[in-house]
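The values are calculated or read from the model by the stated rules, or taken from the named source; none is laboratory data. Since this is a predicted model, take the numbers as computed values, not measurements. So basically every Cβ, Gly included, is an ideal-geometry build from the backbone, and we count neighbours across all protein chains shown.
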Amino acid sequence: MSRPTRARRLRTAAAVTGGLLLAGPLTACGGSAASEENVVTVYSADGLKGEKGDGWYDKVFKDFEKKTGIKVNYVEGGSGEMVQRAVREKSNTQADVIITLPPFIQQADEKGLLKAYKPKGSEEVDGADKAPDGKWTSVVNNYFGFIHNKKELPGGKAPKTWEDLTGSAYKGKVQYSTPGVAGDGTAVLIKAMHDFGGRGPAMAYLKKLQTNNVGPSASTGKLAPKVDKGELLAANGDVQMNYAQSKDMPNLKIWFPAKEGGEPTTFALPYAAGLVDKAPHGANAKKLLDHLLSQEAQRQVSEVGGGFAARKDVKATDADAVALDKIMDGVEIFEPDWADISENLRSYVEDWKSATGS
């Protein structure tokens, strides 16, 4: 199984014994975080850190610090945003590890941000979920999806198709995150182009959907609370993030839109991690990547993180793993051409902007 992001507002955290503490910019008493020895800085897409300190990152970072004495400085934002920030800092590299959704991890590689490193355990990761040259490796597998409010159902029926969302009952009640900025927002374009059979038909549909769309959102993660409260009836997301959120948001229902007359589809959106070229703390970064792919950390992916283990030899059987498998039952999984998407993403986003007036 395989597995993008969301907030423009960056959040920085230092892993300390007892949990993650929110901090200010990447600085510490006596100098920058990059000057410290026992530290590793992670730039990551959101979704794996819990709002209450109970996410997969919270657990594995705490375990990592206890095991190694190395603190984790955590910076969170959209997948595209994290790559752009690292590009701006190339002359003064701050990040040690980048974790994003596709196609942004491929773009990070193309922009020369990544250095080859194959973490311990990466041999157990499926070939489709890692770069052949070791530039990146999936650490949590996941799938793109949508959510709807399961209490407020227009006409008493849950949405099943893309076309359902264009009905008058959904006016001002649909929102999806921004393609090109958020990994899950970019995924909306990818799935629409697949389901509608090409760029043109997909853009025509998204133009029609714009009548009901609230407007762009830099953060996918912020959409779920709105859906849970009924402010929105449907929004985009991903299985891992939304499943974890549903523990505290009981009105969320994960679903996969189908084209009218077709079957529900999705595709893998893994959280993929890479060692940053010229990382200030490269040795610490390698240790963290090894830890993220350790059997110990991978066994916690479903129960703690609500996602799917990246390692094929880790077979989760906990209640959450069973529930996640049930969510995916009957959904057709297709494999995007990530090389094409990475190469042409800018033009896809420009077409989307033209179609929607965004």
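What to note about this one:
- Subset tally (residues that are more than 25 Å from A273 (Cβ to Cβ), β-branched (V, I, T) and outside any helix (DSSP H, G or I)) for the range 319-336: 1
- K253 being under 27 Å from V214 (Cβ atoms) and part of a strand (DSSP E or B): yes
- Every residue from the range 160-186 that is among the small types (G, A, S), at pLDDT 95 or above and within 17 Å of L223 (Cβ to Cβ): G172
- Scope the range 104-118; condition touching a helix residue (DSSP H, G or I) at 6+ places or on another chain (Cβ under 8 Å), outside any helix (DSSP H, G or I) and surrounded by fewer than 24 Cβ atoms within 10 Å (Cβ to Cβ); matching residues: K111, G112, K115, Y117
- Residue satisfying condition, being at pLDDT 95 or above, of a type in the set (G, A, S) and either assigned by TED's automatic domain parsing to the domain that holds L223 or surrounded by fewer than 24 Cβ atoms within 10 Å (Cβ to Cβ) (or both), within set G30, G69, G50: G69
- Screening V304 with (1) within 26 Å of T178 (Cβ to Cβ); (2) in contact with a helix residue (DSSP H, G or I) (Cβ under 9 Å, 6 or more places away or on another chain); (3) surrounded by 13 or more Cβ atoms within 10 Å (Cβ to Cβ) gives one miss only, at (1).
- Just one of the listed residues (A297, A316, A339, A244) is at pLDDT below 95, closer than 22 Å to D58 by Cβ and not in a loop (DSSP other than H, G, I, E, B), namely A244.
- Residue in the range 345-358 that is over 23 Å from A218 (Cβ atoms) and out of contact with any Cys (no Cβ under 8 Å at 6 or more places or on another chain) present: no
- Matching residues in the range 61-103 - criterion: being touching a helix residue (DSSP H, G or I) at 6+ places or on another chain (Cβ under 8 Å), among the hydrophobic types (A, V, I, L, M, F, W, C) and farther than 26 Å from Y348 by Cα: F64, I70, V72, V75, A95, V97
- Scope the range 214-235; condition over 20 Å from I99 (Cβ atoms) and crowded, with 20+ Cβ neighbours inside 10 Å; matching residues: S217, L223, A224, V227, D228, L232, L233, A234, A235
- Conditions (1) within 26 Å of D46 (Cα to Cα); (2) outside the structural domain of A309 (by TED's automatic domain parsing); (3) in contact with a helix residue (DSSP H, G or I) (Cβ under 8 Å, 6 or more places away or on another chain): number failed by T211: (1)
- The test for being surrounded by fewer than 22 Cβ atoms within 10 Å (Cβ to Cβ), at pLDDT below 95, in a helix (DSSP H, G or I) and more than 21 Å from the chain's Cα centre (by Cα) does not hold for G200.
- Residue among Y57, Y74 that is surrounded by 16 or more Cβ atoms within 10 Å (Cβ to Cβ) and part of a helix (DSSP H, G or I): Y57
- Leading residue by the ranking (nearest to the chain's Cα centre (by Cα)) among those in the range 236-281 that are surrounded by fewer than 17 Cβ atoms within 10 Å (Cβ to Cβ) and of a type in the set (G, A, S): G262
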